[in-house]
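**Student:** Shown below is the structure under consideration.
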Amino acid sequence: MSRRIPADCVLPDPAAVRTVRSADGAELNVEEYGPAGAPLVVLAHGWTCSTAFWAPVVNRLAADFRVVAYDQRGHGRSPAPAGPAGYATGKLAEDLEAVLTATVPDGRRAVVVGHSMGGMTIMAAGDRPAVAARTAANVLVNTGPGALIAELTVLPPAVRARALRRFLHRQILRSRLPLGPVTGLTRAALKYATMGPATPADRVEACAQVVHACPARVRFHWATVLDTLDVQEGLAKLTAPTAVIAGSHDRLTPPVHARRIAAALADPRGLLELPGTGHMSPLERPAEVAAEIRRVAALVAAEPPVAAPPTEEPPVAEPPTAEAPTAAPLTAEPLEETA
């Protein structure tokens, strides 16, 4: 029998549930919380998680935000792709674009928040105009743009040989073994790998119930994508104001990733490092994560929207007539160049 989980780790009743089709026909489960017409927040969860992972954050935002959360393909209530071709960073970007197009009305924009693989999704979609047009700001939580295997710190420091560490980390990440039922041993292993040492047992249990629900096949295929992930190019093309959140004890995406992301952003709006926190900040420290989302939402709401520069049609020259000769051009003084 599962242990009791905290009340805030249970999602409220959604205001709406819909199925959104991605570009390749993949079906995505999308859930909406909070009042219609309120400022929009869109949540993209990470590897092996689901909409349920966001419950503590949803419960802190839904009173005055319209919160949209969706299951990444193969997770939660979104069916798994039929084959390996359905697993790719490009597919993540397509899915985010489909969700934003379906849930963010024309003329409105959302604060888009991504945790772990959800943050990688936002970076992968950095070159998509339809995503940019519906994004007011981003919040990237416990994520990285590449070199994930090289920076993992799951193994103890005693394993010093770099090649051996990478090999063993890769085996852990890409394991095909089912996680099985939640037990004391699996809870302890999950807490060590993904959460801070002071995380309460009931929050570890909430995390375990979410992660263990992910099918082993889906976990393996997405791990294969993460193994070689590189979304640096998309990160460089993010134009919306973007804040970054890291956990000081994150073993999966250590704070070095957050610093690299912040340094590469076109419009950085802060790097929040949560002390003692692991990879699961939205579950471990939901009050701080929700407060940062609120801060970013208020920040962009107070700024005037950036208008696209008007495009002027070049004047059309009148062709010379046969009756009158074309006048010689006038000579003008050269204009001074301005810096």
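The values are calculated or read from the model by the stated rules, or taken from the named source; none is laboratory data. Everything numeric in this text was worked out from a predicted model, so none of it was measured. Please note: Cβ atoms are built from the backbone with ideal geometry, for glycine as well, and neighbour counts cover all protein chains shown. We work out accessible area using only protein heavy atoms, side chains counted, and drop any ligands, DNA or RNA first. Shrake-Rupley method; radii C 1.70, N 1.55, O 1.52, S 1.80 Å.
**Student:** Within the stretch 138-156, work out how many residues are small (G, A, S) and crowded, with 24+ Cβ neighbours inside 10 Å.
**Tutor:** 1
**Student:** Identify the single condition in (1) part of a loop (DSSP other than H, G, I, E, B); (2) over 18 Å from A36 (Cα atoms) that D64 does not satisfy, given that it satisfies every other one.
**Tutor:** Just one mismatch for D64, condition (2).
**Student:** Keeping to the stretch 231-282, report how many residues are in a loop (DSSP other than H, G, I, E, B) and among the charged types (D, E, K, R).
**Tutor:** Number of matching residues: 4.
**Student:** Name the pairs: first residue in the stretch 126-137 and under 15 Å from G107 (Cβ atoms), second residue open to solvent by 40 Å² or more (accessible area, probe 1.4 Å) and of a type in the set (S, T, Y), Cβ to Cβ under 7 Å, at least 6 apart or on different chains?
**Tutor:** As it stands, the answer is A130/T101; A132/T239, since those pairs meet every condition given.
**Student:** Condition first: over 14 Å from the mean Cα position of the chain (by Cα) and either open to solvent by 20 Å² or more (accessible area, probe 1.4 Å) or not charged (D, E, K, R) (or both). Now tell me which residues in the stretch 242-256 satisfy that.
**Tutor:** G247, S248, H249, R251, L252, P254, P255, V256
Here is a yes/no grid of residues against (1) modelled with pLDDT under 90; (2) open to solvent by 40 Å² or more (accessible area, probe 1.4 Å); (3) among the aliphatic types (A, V, I, L, M); (4) outside any loop (DSSP other than H, G, I, E, B):
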| position | (1), (2), (3), (4) |
| --- | --- |
| A163 | yes, yes, yes, yes |
| F167 | yes, yes, no, yes |
| S175 | yes, no, no, no |
| V204 | no, no, yes, yes |
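**Student:** Count, please, the residues in the stretch 13-48 that happen to be in a loop (DSSP other than H, G, I, E, B) and either of a type in the set (F, W, Y) or surrounded by 14 or more Cβ atoms within 10 Å (Cβ to Cβ) (or both).
**Tutor:** 12
**Student:** Restricting to the stretch 75-118, what's the tally of residues that are at pLDDT 95 or above, in a loop (DSSP other than H, G, I, E, B) and aliphatic (A, V, I, L, M)?
**Tutor:** 3
**Student:** I want to confirm something. Restricting to the stretch 224-240 and keeping residues that are at pLDDT 95 or above and open to solvent by less than 20 Å² (accessible area, probe 1.4 Å), which single residue is nearest to M117 (Cα to Cα)?
**Tutor:** Of everything passing the filter in the stretch 224-240, V231 is nearest to M117 (Cα to Cα).
**Student:** Here's a follow-up. Hey, any hits in the stretch 263-282 for a residue that's at pLDDT 95 or above, crowded, with 22+ Cβ neighbours inside 10 Å and either farther than 22 Å from W54 by Cα or in contact with a Cys (Cβ under 8 Å, 6 or more places away or on another chain) (or both)?
**Tutor:** Scanning the stretch 263-282 turns up at least one residue that is at pLDDT 95 or above, crowded, with 22+ Cβ neighbours inside 10 Å and either farther than 22 Å from W54 by Cα or in contact with a Cys (Cβ under 8 Å, 6 or more places away or on another chain) (or both).
**Student:** To continue, here is another question. Condition first: part of a loop (DSSP other than H, G, I, E, B) and not hydroxyl-bearing (S, T, Y). Can you find one or more residues in the stretch 133-141 that meet it?
**Tutor:** Checking the stretch 133-141: at least one residue is part of a loop (DSSP other than H, G, I, E, B) and not hydroxyl-bearing (S, T, Y).
**Student:** Taking R187 as the residue in question, decide whether it is within 27 Å of G270 (Cα to Cα), charged (D, E, K, R) and either in a helix (DSSP H, G or I) or at pLDDT below 95 (or both).
**Tutor:** For R187, the condition - within 27 Å of G270 (Cα to Cα), charged (D, E, K, R) and either in a helix (DSSP H, G or I) or at pLDDT below 95 (or both) - is not met.
**Student:** Being in contact with a helix residue (DSSP H, G or I) (Cβ under 8 Å, 6 or more places away or on another chain), without any contact (Cβ under 8 Å) to a residue 60 or more places away in the chain and under 26 Å from P254 (Cβ atoms) narrows it down to one residue among L43, L96, L100; which is it?
**Tutor:** From the options L43, L96, L100, the qualifying one is L96.
**Student:** Scanning the stretch 283-310 for residues that are under 22 Å from A240 (Cβ atoms) and not in a helix (DSSP H, G or I), which turns out modelled with the highest pLDDT?
**Tutor:** For the stretch 283-310, the residue satisfying everything is E303.
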